[in-house]
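Student: Quick one: this structure, given as structure tokens, is what I'll be asking you about.
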Amino acid sequence: MKSKRFNALQDWLQPHLGIEVPQLVAITNDASFRRYFRVTMADSAYIVMDAPPDKENCRPFIDIAQRLQASGLNAPRIVASDLEQGFLLLTDFGSQLYLAALNDEKQVESLYGDALAALVIMQAHTDTDGLPLYDHALLHREMDLFTNWLVDKHLNLSLSSADQNSLEQCFELLSSEALSQPQVFVHRDYHSRNLMVIPQHNPGILDFQDAVKGPVTYDLVSLLRDCYIAWPHKRVNGWIKHYYKQAQQAGILEGVDETEFLRWFDWMGIQRHLKASGIFARLYHRDGKAGYLKDIPRTLHYIVELGRHYPEMAFLQALVSERVLPACQ
């Protein structure tokens, strides 16, 4: 049975598409309250976003889409919008996600080459004026997701006062390292489930509405230490070096030593994977989305592996490897 909101969405689309009763086909939901539909006409297709205004704000999506397009990147074009109802009509990038395409070994290098080139353009040319800052408070709120939702809520693990203090010291080191980096446009979810494979001007970039101004390594970590697919270290290191060279040429990493850059990348990865593991637990407990639980072990393994190389992260590495991961499995 169709809901009032679905009927309202169809009514809103009629004059924009010139169809009396637009036939909407649901697309898999993302990790938010937004829903997406595809509507196909004789010679074209569009994506319809349904973002309930009491839960989602469409304005940042429109703003960031326009910023990305202005810098020469491929973000969906806004065909029509109704901010009061929370409806957007967007151009369609098709249905070929990077994640699925990465099963084809022949495509992997070209797809990552495109994504890395787009990332350099994004960081070098996308306007950051007025964007929220990836500041100390936001970095810590994200890491607290690991403690509150994964360790406490999901696993019911008790941390002593000494443990909590040691964990907070790790968080403080990670945030200080992030804030010491060049600050650029940050997509915040630049990975294989938010990039589309398209025949021209690849990739199509999605899910950018939470963009901020923040650490230069954040989106690179999202892409190369992806929570949904893992690659051998040697291959990832090759992509990192490729990006580093391009970013230096673009002036993004001017004067930044490669050793320092690799440390930034590793520590940013620890911060992001703390956040992501907490979000996956929250999606299950708060939003009833159990599908993300399977991605927690992969995400935590990144922390275990990296923590071995940095004595400052010894407590965090031990906590995850000896208590958190075994409890998850």
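FYI, it's all coordinate maths here, none of it is from the lab. Just so we're clear, the structure is a prediction, and the values are computed from it rather than from any experiment. Cβ coordinates were reconstructed from backbone atoms using ideal geometry, including for glycine residues, and neighbour counts include every protein chain displayed.
Student: As an exercise, take the mean of 1/r over every pair of distinct alpha carbons in the range 141-201, invert it, and state the Kirkwood radius in angstroms.
Tutor: The Cα-based Kirkwood calculation yields 14.8 Å.
Student: Please count, across the range 98-328, the pairs of lysine residues with Cα atoms under 18 Å apart that sit 8 or more places apart or on different chains.
Tutor: Summing the qualifying lysine pairs gives 8.
Student: Which residue, 213, 55, 241, has the most motion in a Gaussian network model of the chain that connects Cα atoms within less than 10 Å?
Tutor: Largest GNM mean-square fluctuation: 55.
Student: What stretch of the chain, leaving out the sites themselves, is the longest with no GluC sites (Glu not before Pro) in a DSSP loop having at most 10 other Cβ atoms within 10 Å?
Tutor: Segment 85-253 is the longest.
Student: List the pair-distance distribution P(r) of the range 156-242, using every Cα-Cα distance, as the percent of pairs falling in each 5 Å bin from 0 up to the bin containing the longest distance, rounded to whole percents.
Tutor: 3, 12, 14, 18, 19, 15, 10, 5, 2, 1, 1
Student: When the chain is treated as a GNM, springs tying every alpha-carbon pair under 10 Å, which of 175, 81, 161 comes out with the largest mean-square fluctuation?
Tutor: Answer for the Gaussian network model of the chain: 161.
Student: First measure r as the distance between the Cβ atoms of residue 315 and residue 201, then evaluate 1/(1 + (r/R0)^6) with R0 = 30 Å and state the FRET efficiency to the nearest 0.05.
Tutor: The formula returns an efficiency of 0.05 here.
Student: Let me ask something else about it. Can you give the alpha-carbon Rg of the chain over 2.2 N^0.38 Å, where N counts its residues?
Tutor: Its radius of gyration relative to the 2.2 N^0.38 Å reference: 1.03.
Student: Moving on to the next point. How much length, in nm to one decimal, is gained on full extension between residue 138 and residue 258, taken as 0.36 nm per residue of separation minus their Cα-Cα distance?
Tutor: Length difference between fully extended and current span is 40.5 nm.
Student: Which residue, 47, 27, 240, tops the fluctuation ranking in a GNM of the chain built on C-alpha contacts under 10 Å?
Tutor: 27
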